[in-house]
Amino acid sequence: MAQAKEMSTAEWELMRVVWTLHEASSSDIIMAIHGKKDWTESTIKTLLRRLVQKEVLTTRKEGRKFIYRPLIGEDDAMDQMTTEVFSRLCRMKKGRTLTKLVANTTLSQSDIKELQKTLAEKLQTAPKMVACDCIAPMSCGHCENDSVMA
């Protein structure tokens, strides 16, 4: 399976178009992107070629057109990306980071209800404190008062 974490921000933009269209010719993608970005046709084609090389997109030729189709679903790609990003954070800071993310994200009422349900379930088994997992926890500044926790 393709790895979403290997995609650049520009490549994500193209993938969002292909995910929306499910399958698209290079000209369809170029038209969609031109409404959002000031990229040249050659830049877009280069990005598409990279996505095919990364095995995130597949392509087939129909006459003179190249048709692109995703090899990874949007949800799978988002899950991979967020898991990879959060794996870089100190465990103690993940909750605070999620709180900021939720506070700064527009959410529907159903999204909020689902978050509340998930949080209520997690509360049942959550530790009182999450231990720091930095390489040198006593000097990381995250857990000055709680160095025993690490």
Looking at (1) surrounded by 13 or more Cβ atoms within 10 Å (Cβ to Cβ); (2) at pLDDT 95 or above; (3) over 20 Å from S26 (Cβ atoms), can you tell me which one M92 breaks?
(2)
When (1) open to solvent by less than 80 Å² (accessible area, probe 1.4 Å); (2) over 30 Å from S27 (Cβ atoms) are applied to N104, the one that fails is (1)
Please enumerate the residues belonging to segment 80-89 that are surrounded by 11 or more Cβ atoms within 10 Å (Cβ to Cβ) and more than 14 Å from W12 (Cβ to Cβ).
T83, F86, L89
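In segment 107-117, which residues are surrounded by 10 or more Cβ atoms within 10 Å (Cβ to Cβ) and in a helix (DSSP H, G or I)?
Our first condition is that a residue be surrounded by 10 or more Cβ atoms within 10 Å (Cβ to Cβ); within segment 107-117, this holds for 107, 111-117.
Hits for segment 107-117 are D111, I112, K113, E114, L115, Q116, K117.
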Restricting to segment 118-133, what's the tally of residues that are under 21 Å from S87 (Cα atoms), assigned to a helix (DSSP H, G or I) and either open to solvent by less than 100 Å² (accessible area, probe 1.4 Å) or touching a His at 6+ places or on another chain (Cβ under 8 Å) (or both)?
1
Of the conditions (1) under 30 Å from K45 (Cβ atoms); (2) open to solvent by less than 50 Å² (accessible area, probe 1.4 Å), R69 fails just one. Which one is it?
(2)
When you check T97 against the structure, is it open to solvent by less than 90 Å² (accessible area, probe 1.4 Å), on the phi < 0 side of the Ramachandran plot and in contact with a Leu (Cβ under 8 Å, 6 or more places away or on another chain), yes or no?
yes
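A quick yes/no check of all residues on (1) exposed (fewer than 14 other Cβ atoms within 10 Å of the Cβ); (2) assigned to a helix (DSSP H, G or I); (3) touching a residue at least 40 places away in the same chain (Cβ under 8 Å):
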residue	(1), (2), (3)
E11	no, yes, yes
T20	yes, yes, no
I29	no, yes, no
A32	no, yes, no
K36	yes, no, no
W39	no, no, no
I44	no, yes, no
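The values are calculated or read from the model by the stated rules, or taken from the named source; none is laboratory data. Source: prediction; values computed, not measured. Positions of Cβ are generated from backbone atoms using ideal geometry, with glycine treated the same way; all protein chains shown enter the neighbour counts. When the accessible area is computed, the model is the full protein with side chains, heavy atoms only, and any ligands, DNA or RNA have been set aside. Shrake-Rupley method; radii C 1.70, N 1.55, O 1.52, S 1.80 Å.
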